[in-house]
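Data block below; observations after.
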Amino acid sequence: MKLAFTLSLVLISLFTFSDKSFSLTDYQIKKICKKEKKGLKERELNCIKNLIEKRSNLQKGNLIEIPVIPFKN
């Protein structure tokens, strides 16, 4: 009985959680880059270019590197 229960939980979780990833839209990318790099247009364009490149790599199934910024009090 316990085996059937764990097996059913595993199967349900496999079907509910798929390998889909939701990437950023163009508007969200522009909004992020405008907030991060105020002023300089060249830096903003580089930020947009990098995020679009990462989005395309993510959609192709390639691994991307995401920096994690620690929270400071």
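Worth a mention:
- One residue stands out among those in segment 18-43 that are among the basic types (Lys, Arg) and assigned to a helix (DSSP H, G or I): the one that is modelled with the lowest pLDDT, which is LYS35.
- Every pair of residues 6+ apart whose Cβ atoms lie under 9 Å, when the first sits in segment 17-37 and is of a type in the set (D, E, K, R) while the second is in a helix (DSSP H, G or I) and modelled with pLDDT under 80: none
- For ILE64, the conditions (1) at pLDDT below 85; (2) not in a loop (DSSP other than H, G, I, E, B) are fulfilled apart from (2).
The values are calculated or read from the model by the stated rules, or taken from the named source; none is laboratory data. Bear in mind that the values here come from a model prediction, so they are computed numbers and not experimental data. Heads up, the Cβs are rebuilt from the backbone with ideal geometry, glycines too, and the neighbour counts pull from every protein chain shown.
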